[in-house]
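Okay, structure first, notes after.
Read-outs throughout are calculated quantities, based only on the coordinates presented, and are distinct from any laboratory measurement. Here the structure is a predicted model, which is why all the values come from computation and not from measurement. We place every Cβ from the backbone using ideal geometry, glycine too, and count neighbours over all the protein chains shown.
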Amino acid sequence: MRLTLYTDYALRTLVYLGLRPGRRVSIREIAAAHRISENHLVKVVHNLGRGGFVETVRGRGGGLQLARPPEQIRIGDVVRFTEEDMALVACFQSPDAGGCALINICRLQSLLGEALGAFLAVLDDKTLADLIAPPNRAVMAARLGLAEGAPPG
């Protein structure tokens, strides 16, 4: 299974915001730190706002920050929200929609469904706080050009 670049950018955005608690940051700042397109990130951030993961404030002194504590942001929820289609293969779709003629009778569908459930269960067990916890927190901040505790630069 491969997650989309969209989900990757969403997770990177949340990690960055989690490393900047209590501070508003700009999309430009996140894009520069991760070396990704600002244009793509605008769409991602807008969607994360609609999903209740980030808060955005317009105007002078504006920016974005986490909408809730990192301990309350489950990685599985983010992945489900940002991935358009969790169907691993065509057999999850009806034959009319281009899926498999053996839908609901082949054991492959239930096996892959079980595997997807296990994958999501692992992600559901982890929060953003787990991703940014010490001892890697300081190293992550340094690699993104952040000094722990320093104001955004």
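Quick look at the numbers
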| item | result |
| --- | --- |
| For residue 127, distant residues with modelled amide H under 5 Å away | 75 |
| FRET E, pair residue 8, residue 72, Förster distance 22 Å, beta-carbon r, rounded to 0.05 | 0.55 |
| In sequence order, calculated HN-Hα J values of the stretch 18-24 (Karplus, 6.51, -1.76, 1.60; Hz; x Gly/Pro) | x, 7, 10, x, x, 10, 8 |
| P(r), alpha carbons of the stretch 1-79 - 10 Å bins starting at zero, rounded % | 18, 58, 22, 1, 0 |
| Amide H contacts of residue 37 (H built 1.01 Å from N, under 5 Å, at least 5 apart or other chain) | none |
| Relative contact order computed over the stretch 30-153 (Cα-Cα under 8 Å; 6+ residues apart), in percent | 22 percent |
| The stretch 1-20 residues near the modelled residue 115 label - backbone nitrogen below 15 Å, point 7 Å along Cα→Cβ | 1-3 |
| Ranked packing of 133-142, 48-57, most packed first, by mean Cβ within 10 Å | 48-57, 133-142 |
| Per-pair calculated FRET efficiency, R0 = 30 Å: residue 57 and residue 122 via Cβ, rounded to 0.05 | 0.35 |
| Stokes-Einstein D in µm²/s, Kirkwood radius over Cα pairs - the stretch 93-143 at 37 °C with 0.692 mPa s viscosity | 232 µm²/s |
| For the stretch 43-105: rounded, prolate or oblate by the Cα gyration tensor [a/c cutoff 1.5] | prolate |
| At R0 = 25 Å, FRET efficiency that the Cβ-Cβ distance of residue 136 and residue 65 yields, to 0.05 | 0.70 |
| In sequence order, calculated HN-Hα J values of the stretch 57-65 (Karplus, 6.51, -1.76, 1.60; Hz; x Gly/Pro) | 10, 8, x, 4, x, x, x, 10, 8 |
| Calculated from backbone phi, Karplus (6.51, -1.76, 1.60) coupling profile of the stretch 121-138 in Hz, x at Gly/Pro | 4, 5, 5, 5, 7, 10, 10, 4, 4, 5, 6, 10, 6, x, x, 7, 3, 5 |
